[in-house]
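What follows is one structure encoded as structure tokens, with my remarks underneath.
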Amino acid sequence: MSRAKWMVVLAVFVVLAAVVVDYAAAQPKREGSEWKELAARKPPSPERIAVTVMPFAAPEIPLAAAATSPTEFERQIELPRACVLLNLQRHGFGIVPQADNLTAVPGLTNKAMGLKAENKFRAQRGREEAVEAGRKLGADWVIYGEYTLQQDFRVKTGLFVRLKKQIRVSLHLRLADVKSGEVLYWSRLEDEAQGSSTVTGFGAMDEDRKIARGILVDLVGAAVDDIAQALPKHKIGPKVTREQLDKLIGAMGF
């Protein structure tokens with residue numbers, strides 16, 4: 001084959017490679033306080049700290065809003081709190097209100113706070129409200145924050161035009177001291193992943209929700225691990241998985 005033909009073949013391969021390359025996976029973004037700041041306060045070991053977890057505010061949940069069942073909407077929004085509870089349990093924190101298992105904790109918390117279904121998630125959870133809930137429940141620390149799930153569509157052009165779907169999850173977690181009302185730690189994390197290859201349909205929606213839960217598990221795990229790093233050495237259980245989260249949410253009735 002002549003040199004000219006080789007150059008043509010090489011050019012074709014370069015063009016095709018440029019077309020089929022997917023968007024590079026974004027690295028998780030984080031801003032917030034450092035665990036060393038919390039460590040400087042010399043907190044006790046986790047088993048001596050009672051923590052309550054507020055329902056996370058959730059202004060944008062497109063995958064849930066598209067669902068026909070109200071239960072699915074509530075299921076999607078309960079995910080952050082359930083994931084935080086699993087991670088607290090992994091590190092041996094005391095969890096209040098006390099219950100035989102984690103399944104009952106969110107309901108008991110909502111009842112103690114007097115929360116109704118229609119205002120449980122949409123309102124912004126401020127520090128004062130979270131601290132007051134912690135006092136009612138006898139907690140030392142309270143965790144609250146916001147959770148956002150977004151679904152973006154991007155057009156990839158070249159020899160072929162393709163629609164790429166990205167799932168983005170954002171988590172803003174805050175930890176406050178109930179006695180002083182002071183925010184001890186905060187972390188805002190965001191990550192994304194490519195969505196299902198199918199653009200629409202219930203199968204695609206289920207796959208996208210699964211992807212979003214996987215991202216959420218990683219973000220919550222990173223935040224709680226950061227907090228736990230500030231505490232004295234303690235026994236740590238296996239990392240929380242998406243399957244564990246699904247099992248807990250299912251046991252909660254969602």
Counted neighbours (other Cβ, 10 Å), sorted fewest up, put His91, His234 in the order His234, His91
The residues Lys235, Lys247, sorted from fewest to most surrounding Cβ atoms within 10 Å, come out as Lys235, Lys247
Listed by chain and number, the aspartates and glutamates with an alpha carbon less than 16 angstrom from that of Lys36, same-chain partners under 8 positions apart left out, are Asp225, Asp226
Distance in Å, no decimals, from the C-alpha centre of region 224-254 to the one of region 165-184 is 16
Listing Glu47, Glu74 by rising number of other beta-carbon atoms within 10 angstrom, fewest first, gives Glu47, Glu74
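Every number here is computed from the coordinates shown, using simple stated rules; none is lab data. Everything quoted here is computed from the prediction, not taken from an experiment. All Cβ positions, glycine included, derive from the backbone under ideal geometry; neighbour counts span all protein chains shown.
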